[in-house]
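The values are calculated or read from the model by the stated rules, or taken from the named source; none is laboratory data. These numbers were taken from a predicted model, which means no experiment stands behind them. Every residue, glycine among them, receives a Cβ derived from its backbone with ideal geometry; neighbour counts consider all protein chains shown.
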């Protein structure tokens with residue numbers, strides 16, 4: 001709901017602050033007073049194109065600020081939340097600044113934002129009837145959603161959307177599998193060959209390191225033999241070997257330790273060393289006995305290592321990674337081998353989800369068709385009492401033959417069409433030439449659908465063009481009825497409409513030496529009497545004119 005509108009230096013309006021509440025508010029004033037400026041101001045905060053001429057003469061910039069109160073379930077709140085533009089406690093403040101230099105700036109809750117965001121947000125804040133620019137009823141999506149709300153098919157529409165998403169996901173999965181099928185055979189043959197190579201290799205974890213160690217030993221067999229033989233001689237066998245020398249040292253220490261026991265520790269250490277030298281010589285002898293040159297084994301080890309290194313280079317991995325690679329390639333091959341059954345399962349899933357969607361969409365079409373006829377009848381009744389006696393609304397539901405031509409909203413294209421004169425074919429709402437006719441048609445639709453609209457504020461401009469008398473009174477009553485559920489603002493020049501408002505704002509122009517100024521003032525009861533009496537058309541307002549105005553106000557209040 002629009003709570004506050006502030007205007008500075010827009011056209012002839014220097015400064016204006018308007019507080020608004022729920023219900024039906026009328027805006028009246030003499031011709032040329034600037035009633036349309038309020039509608040233009042709201043259009044600007046809703047993203048209308050800015051015009052340099054809109055800045056008041058003598059001012060550098062114009063500024064319009066509108067404050068809206070948003071209910072918790074408002075779609076506008078979702079837009080603000082998605083773009084991190086939320087205000088405090090559900091409040092939304094939109095500010096638009098126009099510069100005489102031609103620049104325009106927009107802000108939502110104090111944050112700079114593109115004008116397009118104002119347009120997106122504005123469609124869920126205000127519906128302006130008459131000019132068409134913010135008239136969401138002109139959008140086929142809005143028409144379809146309103147029909148679903150009226151027909152009680154909104155829940156079914158939700159199921160159709162879910163069924164469509166499931167069908168689409170199944171189709172995408174099938175397409176992905178079919179794309180992979182084209183490369184399947186070539187890839188499968190390559191994998192079979194690669195897996196066969198790796199399985200033939202049958203490399204164990206850690207085997208590469210073991211083979212490298214064995215190759216190094218076999219390749220150095222002669223040098224190792226010579227070295228081992230020399231060590232045996234040095235440690236034990238040759239004259240003056242380590243064992244001999246340690247034996248002599250041990251004998252000497254035994255003699256000396258008998259004289260001085262402090263050398264007993266040294267004697268024991270030498271004795272241990274002698275034993276260890278003999279054990280070392282024995283270990284080398286055993287090693288030498290086992291060691292032999294084996295050119296055939298060396299060739300076999302080298303050949304296996306060459307195979308390992310070659311496959312590692314081929315697959316761009318380290319040799320030790322070949323074991324894990326074999327497992328991965330084998331898994332991929334298994335998946336490709338199973339692609340045929342998966343394709344068949346995917347095709348069946350596409351058919352299953354297609355059937356669910358087609359059935360759900362068919363039921364939605366049936367519900368829409370039944371609701372469309374009733375909606376057209378009720379709206380036709382409304383617009384015929386609003387000064388369009390020959391008009392009739394047609395709610396067309398055109399259904400595609402193939403589910404593939406449908407979408408998330410079903411297989412139907414919903415369009416509201418109206419016949420304004422006898423013998424004419426129904427035309428879409430967007431092609432209605434008269435702003436007054438479009439406004440009254442919109443009013444008729446709003447009366448029927450007032451419980452279902454999600455736009456909290458409705459503005460009617462030119463809604464009473466071309467009507468008078470009883471029809472004008474009916475227009476006012478209908479606006480008042482819509483105002484019971486939504487916030488309604490109407491610019492009017494008819495007393496019958498003005499008398500039906502819950503609130504009344506008078507727009508007037510003042511002039512002084514510096515120029516003309518448009519002002520807006522809320523009217524109390526007696527002020528309303530004077531304003532309605534003025535609108536009644538008397539040159540001089542008499543007591544009888546005032547009495548007529550009071551009677552009109554009293555009748556409006558008594559009808560509630």
*For the range 542-560, what are the residues that are surrounded by 17 or more Cβ atoms within 10 Å (Cβ to Cβ) and touching a residue at least 40 places away in the same chain (Cβ under 8 Å)?*
549, 552, 553, 556
*Among (1) modelled with pLDDT under 85; (2) within 26 Å of the chain's Cα centre (by Cα); (3) within 21 Å of residue 6 (Cβ to Cβ), which single condition is residue 72 missing?*
(3)
*Here are 370, 396: which of them is surrounded by fewer than 20 Cβ atoms within 10 Å (Cβ to Cβ) and assigned to a strand (DSSP E or B)?*
396
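Could you tell me whether residue 66 is over 16 Å from residue 517 (Cβ atoms), crowded, with 22+ Cβ neighbours inside 10 Å and at pLDDT 90 or above?
Yes, satisfied.
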*How many of the residues in the range 492-503 are over 28 Å from residue 149 (Cα atoms), crowded, with 23+ Cβ neighbours inside 10 Å and touching a strand residue (DSSP E or B) at 6+ places or on another chain (Cβ under 6 Å)?*
2
*For the range 215-234, indicate whether the set of residues that are modelled with pLDDT of 80 or more, surrounded by 14 or more Cβ atoms within 10 Å (Cβ to Cβ) and assigned to a helix (DSSP H, G or I) is non-empty.*
no
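Can residue 354 be described as in contact with a strand residue (DSSP E or B) (Cβ under 6 Å, 6 or more places away or on another chain), at pLDDT 95 or above, surrounded by 17 or more Cβ atoms within 10 Å (Cβ to Cβ) and not in a loop (DSSP other than H, G, I, E, B)? Spell out the reasoning first.
Values: in contact with a strand residue (DSSP E or B) (Cβ under 6 Å, 6 or more places away or on another chain): no; at pLDDT 95 or above: yes; surrounded by 17 or more Cβ atoms within 10 Å (Cβ to Cβ): yes; not in a loop (DSSP other than H, G, I, E, B): yes.
Criteria not met by residue 354.
Only one residue in 48, 82 is out of contact with any strand residue (DSSP E or B) (no Cβ under 8 Å at 6 or more places or on another chain) and either at pLDDT below 85 or surrounded by 15 or more Cβ atoms within 10 Å (Cβ to Cβ) (or both), so which one is that?
Details: 82 fails: either at pLDDT below 85 or surrounded by 15 or more Cβ atoms within 10 Å (Cβ to Cβ) (or both).
Selected residue: 48, the only one of 48, 82 that is out of contact with any strand residue (DSSP E or B) (no Cβ under 8 Å at 6 or more places or on another chain) and either at pLDDT below 85 or surrounded by 15 or more Cβ atoms within 10 Å (Cβ to Cβ) (or both).
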*Run down 441, 386 and say which single residue is surrounded by 21 or more Cβ atoms within 10 Å (Cβ to Cβ) and either assigned to a helix (DSSP H, G or I) or touching a strand residue (DSSP E or B) at 6+ places or on another chain (Cβ under 7 Å) (or both).*
441
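In the range 400-434, what count of residues is obtained for those that are assigned to a helix (DSSP H, G or I), touching a helix residue (DSSP H, G or I) at 6+ places or on another chain (Cβ under 9 Å) and within 22 Å of residue 389 (Cα to Cα)? Show your work before the answer.
Restricting attention to the range 400-434, the residues satisfying the condition of being assigned to a helix (DSSP H, G or I) are 403-405, 429-431.
With touching a helix residue (DSSP H, G or I) at 6+ places or on another chain (Cβ under 9 Å) added as a condition, the list becomes 403-404, 429-430.
From what is left, the residues that are within 22 Å of residue 389 (Cα to Cα) are 429-430.
Number satisfying all stated conditions: 2.
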_Any pair with Cβ under 8 angstrom, 6 or more apart, that starts in the range 193-222 at a residue that is within 12 Å of residue 325 (Cα to Cα) and ends at one that is at pLDDT below 80 and surrounded by fewer than 17 Cβ atoms within 10 Å (Cβ to Cβ)_ = none
*For the range 520-548, what are the residues that are assigned to a helix (DSSP H, G or I) and closer than 29 Å to residue 41 by Cβ?*
525, 526, 527, 528, 529, 530, 531, 532, 533, 534, 535
_Regarding the range 137-154, can at least one residue be identified that is in contact (Cβ under 8 Å) with a residue 24 or more places away in the chain and part of a loop (DSSP other than H, G, I, E, B)?_
yes
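Quick check on the range 507-519. Is at least one of its residues in a helix (DSSP H, G or I), in contact (Cβ under 8 Å) with a residue 24 or more places away in the chain and farther than 17 Å from residue 31 by Cβ?
Our first condition is that a residue be in a helix (DSSP H, G or I); within the range 507-519, this holds for none.
No, the conditions are met nowhere in the range 507-519.
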*Residue within the range 461-480 that is at pLDDT 85 or above, more than 24 Å from residue 389 (Cβ to Cβ) and either surrounded by 17 or more Cβ atoms within 10 Å (Cβ to Cβ) or under 42 Å from the mean Cα position of the chain (by Cα) (or both) present*: no
*Which members of the range 10-59 meet the condition of being assigned to a strand (DSSP E or B) and either under 18 Å from residue 523 (Cβ atoms) or in contact with a helix residue (DSSP H, G or I) (Cβ under 9 Å, 6 or more places away or on another chain) (or both)?*
10, 13, 16, 17, 18, 19, 24, 25, 26, 27, 28
